[in-house]
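Below: the structure, in structure tokens.
The values are calculated or read from the model by the stated rules, or taken from the named source; none is laboratory data. Keep in mind the model is a prediction, meaning the values are calculated, not measured. Methodologically, a virtual Cβ is constructed for each residue, glycine included, from the backbone with ideal geometry; neighbour enumeration extends over all protein chains shown. Remember, those area values only see protein heavy atoms, side chains included, never the ligands or the DNA or RNA. Shrake-Rupley method; radii C 1.70, N 1.55, O 1.52, S 1.80 Å.
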Amino acid sequence: MARVEESHYRRLFREFLRQSYINGLHPFLYHSPVRYAKAVWLALLTAIVIYTHIVIADLILEYLVQPTEIHMAPDLVHVANSPFPAVGVCTSNKISGRLLRGYAEKLFHHQGNSSLQAVALDLDDMADRLLVLAQFYLNPLESDQERWNATELERLHRLLVDYHNGGGYSVRDILRDLSPGCGDLVIRGIVFGAPVNTSQLFLKRPTSSNVCCIFNYRRPSYSQFPTKRAEDDSEMRAVPRVVFESNSILNSVQFVLQDTPKEDITNTFHSNNAFHLTIFPQEDYATIQSTTLGEVLVDHYSIVEIPIQPMFFSSGEAVRGVSPHIRRCYYPEEGMRLLNQSYYSLDECLLVCRMKSMIDHCGCVSPPLVGSSMDFDYCMLPDLPCLTRWKSIWYGYSDFAYLQNNEENLAQRKCEHCLPTCNGVSMSITTNVAPLRRTYNITGYFTGLLKGLTNERPLAIIKLFFKLRFAQATKSQMVSSWVVLLNRFGGILSLMYGFSIVSYIEILYYLTGKGFVYIYRSFLDKEPKNHHNSLYWRELLPKIQRTLPRQE
């Protein structure tokens, strides 16, 4: 019976080799004088089949991950259609010593006239304690050692509340009032070849790491006090709009930066004494989280040119049908629905995500970071120890990283839902740095933008302009569909060994259809037959008939 079953399988296999449309199977039917020729041929054919299906599997995975292809538009777009980014100029001295001492003097006198427990022993002690406000900035490398304990923070908190008539105080506004003014930081400027009053072009706004003077800023204020919001918005509307047209030197902007005098520097966290330039979209919060523009450091006594090159990108309507997490971008209405507000960008999404992470850990948001229209509670001085611990979790630094719990490990993965926009403008920058010659004249520089300035305080010059007159445009089109994918499969299979979908059906037929019939017949042949009542047919013939000769 075993031999009968084996013969059925062999006959089925030989029939498949003989009738199959797959190239390369017929050599197994014929005898070869070369030893191991069929084994070598089988190994080669098996390797081709395996490699072909690996390529097909990769194509399927690529299609599932990203079913779109990007095509470069053949035409160029003039840079006049691109919005110029906002530019934030920050000094390394976060708090002005002169302004700090004046504010500390007011608090110290108020402490003497109130019934609250004393916070500071003298004016210098009060000024030193107010420096703790700088710890609300979200500097990732800042020391997480608590300068004052919870009791001392609570005393200073009560003094500030009482000083502001019990109506609460804004750490955000206090830090902005204590930072150096824009008139002292950006002292001169030229826009399109004409001198300008820089105090009319720069807005003083808090960022996550400093208070900066921002040029070309179009984001409304989110101060916690309505009067302050109205004042900030009115100030922003009064700033004249600047339109950039080309890469001509006359269409560049140039500003002279002047740093804080030595006697005005306070002991706050700063890694160097260079100016910090933050370049970002006009409507975004003034901090760098995702963009490749990043932060530019401008050393003292240097001239820094910053050519800016925009790139336009858009997506066709067919891409809307693909899931955002597959196409890796959001359309405007999708992003606004995600954040439940009227503006969306990748940095805006990351901003909201960071604030929600603060809410989860501390129940409030660091005041300098509050740049969204969402209703959040502001952190006060008693919440500072919790914010310090949150920074160590969010930025992921730890001396014993292998001992972190799951909550700390997942802190950096909470914002994976934030994606860039499908339509918009991206920008890239480069920097050209040259040294600024110092003057040793008592009267200062003789000519140019620096005329009359001396080196009593560190200086620097920045120039910003569009790099080229035209910018490249890209458009994401849905060119890969399941039909195109199927066409690629057919081409690969036909190229390798003449395979097709019919071949798959043929294999399935021999394995399930015809193979099942062979197996079923072999099973019937195994069943024992009943011979008790059967007679051999020749026994029924008459004996005479069996002996008669055969008639022709």
Hits in the range 20-76 (condition: at pLDDT 75 or above, charged (D, E, K, R) and surrounded by 11 or more Cβ atoms within 10 Å (Cβ to Cβ)): Lys38, Glu62
Output for the range 160-183, where each listed residue is open to solvent by 50 Å² or more (accessible area, probe 1.4 Å) and of a type in the set (D, E, K, R): Asp162, Asp177
Test set (1) without any contact (Cβ under 8 Å) to a residue 60 or more places away in the chain; (2) in a helix (DSSP H, G or I); (3) surrounded by 14 or more Cβ atoms within 10 Å (Cβ to Cβ) - Thr151 fails condition number: (3)
Answer from Tyr445, Tyr536 - the residue that is of a type in the set (Phe, Trp, Tyr) and modelled with pLDDT of 75 or more: Tyr445
Residue match in the range 226-235 (condition: at pLDDT 80 or above, closer than 30 Å to Gly167 by Cβ and touching a helix residue (DSSP H, G or I) at 6+ places or on another chain (Cβ under 8 Å)): yes
Exclusive hit being within 27 Å of the chain's Cα centre (by Cα), modelled with pLDDT of 85 or more, open to solvent by less than 60 Å² (accessible area, probe 1.4 Å) and hydrophobic (A, V, I, L, M, F, W, C), set Val119, Val79, Val89: Val89
Answer from Gln224, Gln254 - the residue that is surrounded by 14 or more Cβ atoms within 10 Å (Cβ to Cβ) and part of a strand (DSSP E or B): Gln254
Given (1) closer than 30 Å to Gly448 by Cβ; (2) open to solvent by 10 Å² or more (accessible area, probe 1.4 Å); (3) modelled with pLDDT of 85 or more, number of the condition Cys213 does not satisfy: (2)
All positions within the range 200-210 that are out of contact with any Cys (no Cβ under 7 Å at 6 or more places or on another chain) and open to solvent by 20 Å² or more (accessible area, probe 1.4 Å): Gln200, Ser209
Answer from Leu419, Leu468, Leu464 - the residue that is in a loop (DSSP other than H, G, I, E, B), surrounded by 14 or more Cβ atoms within 10 Å (Cβ to Cβ) and either modelled with pLDDT of 90 or more or of a type in the set (Val, Ile, Thr) (or both): Leu419
Residues located in the range 184-199, provided they are at pLDDT below 90, among the small types (Gly, Ala, Ser) and either open to solvent by less than 50 Å² (accessible area, probe 1.4 Å) or in a loop (DSSP other than H, G, I, E, B) (or both): Gly193, Ala194
Lone qualifier among Leu156, Leu175 - being among the hydrophobic types (A, V, I, L, M, F, W, C), in contact with a helix residue (DSSP H, G or I) (Cβ under 8 Å, 6 or more places away or on another chain) and over 30 Å from Ala460 (Cα atoms): Leu156
Looking only at the range 422-443, and only at residues there that are more than 36 Å from the chain's Cα centre (by Cα) and exposed (fewer than 14 other Cβ atoms within 10 Å of the Cβ), the one that is farthest from Gln309 (Cα to Cα): Ile442
Selection count, the range 279-306, where residues are surrounded by fewer than 20 Cβ atoms within 10 Å (Cβ to Cβ), at pLDDT 85 or above and in a loop (DSSP other than H, G, I, E, B): 5
